[in-house]
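Input: a single structure, listed below in structure tokens.
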Amino acid sequence: MRVLLKRVFGYDSFLPLQEEVISHLLSGGDALVLMPTGGGKSLCYQLPALVLEGLTVVVSPLISLMNDQVAQLRSNGVCAAAMHSLTSEEEMTYLRRNCLSGRLKLLYVSPERLLLELPDLMRDTTVSLFAIDEAHCISQWGHDFRPEYAQLGILKQAYPSIPVVALTATADKVTRLDIQEQLRLKDAKVFVSSFDRPNLSLDVRRGYDSKAKQRAILSFVSSHQGDSGIVYCLSRTNTETVARMLTQHGITAAPYHAGLSAEQRNKTQRDFVNDRLQVICATVAFGMGINKSNVRFVIHYNLPKSIECYYQEIGRAGRDGLPSSTILFYNLQDIVQLRHFVDESGQKDINSERLSRVVEYAEASVCRRRILLNYFGEERTHDCHNCDICNHPPRRFDGTELVQKALSAVARTKERATMRTVADILSGIYSPEVRAKHYDSLPTFAVGRNVPLRHWNDFLLQMLQLGYLEIAYDDANHLRITPQGREVLFGRQRAQLAEAREEPTRGTRKKAEAPKVMTPTLPDAAPKEDARLFERLRLLRRKLADEQGFPPFVVTSDAVLHSLAQLKPQSEEEFGEISGIGEYKRKKYASVFVKEIKAFLEA
Ligand code: ADP
Ligand code: ZN
């Protein structure tokens, strides 16, 4: 197994649970594998496919996923193919022949195609393993239910002796049991790996209005030149606004939402995957179908509707294990809007609970990763040192006076103003609403002008969470003072607030470094990575990818590029030592990369 791991995939060691899963499958057992995105699920069936005699059939829900996987396997010299609704009759004949001859090791297939092909396939070919990727699609409880998956239960029923492995990144128990039941995998061994993604930094920013968010996003993206990222927005309009804003500042960006034509969406997705487009501004519709391993950041322009959604969306960053950033913005408008969705939804209680949990997460003052992992049932007793709370523990201060100012402004409006207007009153901003209602003549107008507007937004959100204020969702979202708020307003109780955090200054970028796990062969005194060389190699990779018509990450992962920029191999042998370079890639790419490195060193 290890020899194949190195020779074909170029890796020196397994990721957690991979080896256990593979051994179990090779011994003929069924398995259900739960690993987070980036956990290395594919290898769990790709390696057995190479060891076992015959064909491994991989069921996958999306054509783009299949194509990417096939491209990646072929780039490692493995004979693999996909069969789906876009496969021509000619190709089908060719594929059937290759299955027959035993040349093909892995066949990716959509569930409906598989059911059609099954009788012929089973008659003429030795199938060694069925792998059901994205297995949560079989469950109505999951978030991506696909009716086509529903019939896959017949596999185990009709061919009880062929092992089945089901894989998913969905953690929740109901879905898990449902998958087992529907696929008839009662005796399957269940492998659950940690859902922690230590390479993702977690950052939450509270109380930014749209302008402040856009400034912060621009500043972040500008200091991450060339790094791919996704900005998730709640509305189509926002995806377009943010994409336009970035484009105006010379960053390649495009919107992605259900209102665009399928053609347009495909093009945008392909451009993103091929590194021709740096940033995608998308509604939640985007992401499941992409296998891009080098997404370096995920930004939430709005609060997501649940922790599950949030975790899945940030999970699209850093699948290659390299450090990646996530930022979540949230403000009051998000809460108001999501609350509205909850009220409209069929399952008000559940959705309301989900929303409360994500708001609690965003408001938290303890390590964010601990909250997330505890939410998914993994107990965590130490802080992560890779979230905003760990890095900048919130400092508390006596905010009684600020709270009193805010509450008295609310009282003066007779509790008929929204949070935005109250912040305008406190800051002394002559907004249309302020003028129309003559709030500028209130004694509280501008009493808080020494505090920046964004900080007022932040403090008002805290006051909401602390229970001094509430929102009248049924009355134009006006702010109201709670009985507890009155205690503070009339000086009978004091209030503690957390200091508003300053926007991180530009240029404080921490350049991604290859973490230890990915490069176990590095000596301790490893040379430093050369950033200019990295950029040069990144360009070379893109050129090679364009020439061959597949995505850059299929040529090599970002991790490999970092190792190359660090170790600067100068012979085919040294090149082959790099983690992630198997025999096939060594032969194919060593000379061109080594040439580039030598040219760089001589320049
Ligand atoms: P998942 O399907 O679970 O999201 P993938 O199968 O796409 O994960 O793997 C995630 C990344 O980890 C890929 O870039 C893959 O090449 C890499 N990877 C997989 N196995 C190993 C390993 N044993 N050592 C190093 N990297 C690995
Ligand atoms: Zn932390």
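The values are calculated or read from the model by the stated rules, or taken from the named source; none is laboratory data. Just so it is clear, the model here is predicted, and its values are computed rather than measured. Positions of Cβ are generated from backbone atoms using ideal geometry, with glycine treated the same way; all protein chains shown enter the neighbour counts. We work out accessible area using only protein heavy atoms, side chains counted, and drop any ligands, DNA or RNA first. Shrake-Rupley method; radii C 1.70, N 1.55, O 1.52, S 1.80 Å.
Things worth noting here:
- Between region 440-505 and region 313-380, the alpha-carbon center distance in angstrom: 23 Å
- Greater than 32 Å apart at Cα, pairs in Lys173/Lys213; Lys6/Lys595; Lys156/Lys587: Lys173/Lys213; Lys156/Lys587
- Span from the region 90-127 Cα centroid across to the region 563-591 one, whole angstrom: 35 Å
- Over the residues of the chain, the helix contribution to mean residue ellipticity at 222 nm works out to -13500 deg cm²/dmol, using -39500 (n - 2.57) for each DSSP H run of at least 4.
- Inter-centroid distance (Cα atoms) of region 24-54 relative to region 240-269, Å: 37 Å
- Rounded to 5, percent antiparallel among DSSP beta bridges of the chain: 10 percent
- For region 130-140, Karplus couplings with θ = phi - 60° (6.51, -1.76, 1.60), whole Hz, Gly/Pro x: 9, 10, 10, 7, 6, 4, 5, 4, 7, 9, 5
- On Cα atoms only, tilt of 210-222 relative to the major axis of the chain in degrees: 40 degrees
- Taking only the Cα atoms of region 217-301, the radius of gyration and Dmax are 11.4, 32 Å.
- The calculated pair-distance distribution of region 430-489 uses every alpha carbon pair, bins of 10 angstrom beginning at 0, and gives 19, 43, 37, 1 percent.
- Taking all protein chains as shown and a probe of 1.4 angstrom, His24 keeps an accessible surface of around 40 Å².
- Charge dipole of the chain (Cα centre as origin; +1 on each Lys and Arg Cβ, -1 on each Asp and Glu Cβ, all else neutral): 1220 debye, rounded to the nearest 20.
- Cleavage-rule hits, trypsin sites (Lys or Arg not before Pro), region 144-231, DSSP coil, Cβ neighbours within 10 Å at most 14: Lys186
- Annotation note: chymotrypsin sites (Phe, Trp or Tyr not before Pro) in region 446-494 located in DSSP loop regions with a Cβ neighbour count of at most 12 within 10 Å are Phe490.
- If only the Cβ of Lys and Arg carry +1 and only the Cβ of Asp and Glu carry -1, the dipole of region 332-487 around its Cα centre is close to 420 debye.
- For the chain, the relative contact order is 14 percent, taking Cα pairs closer than 8 Å that sit 6 or more residues apart in sequence and dividing their mean separation by the residue count.
- For the chain, carbon and sulfur atoms together expose 50% of the accessible surface, with a 1.4 angstrom probe and every protein chain in place.
- Angle between the chain longest axis and helix 348-363 axis [Cα atoms, degrees, rounded to 10]: 80 degrees
- Sites counted here are GluC sites (Glu not before Pro) in a DSSP loop (not H, G, I, E or B) having no more than 12 other Cβ atoms within 10 Å; the longest part of the chain that contains none of them is 54-378.
- Between the amide H of Val58 and those of Leu107, Tyr108, Val109, Ala131, distances stay under 5 Å, these residues lying 5 or more places away or on another chain, with hydrogens modeled in the peptide plane.
- Stretching Ala158 away from Val366 to a fully extended chain increases their span by 69.8 nm, per 0.36 nm per residue minus the current alpha-carbon distance.
- Whole-number D in µm²/s for the chain (Stokes-Einstein; Kirkwood sum over Cα pairs; 25 °C, 0.890 mPa s): 93 µm²/s
- Viscosity 0.692 mPa s, temperature 37 °C, Stokes-Einstein D of region 197-259 from Kirkwood C-alpha radius, µm²/s: 256 µm²/s
- Among the trypsin sites (Lys or Arg not before Pro) found in region 398-442, those both in a DSSP coil and sparsely packed, with 12 or fewer other Cβ atoms within 10 Å of their Cβ, are Lys414.
- A 1.4 Å probe run over the chain, with the rest of the protein chains in place, finds 45 Å² accessible per residue.
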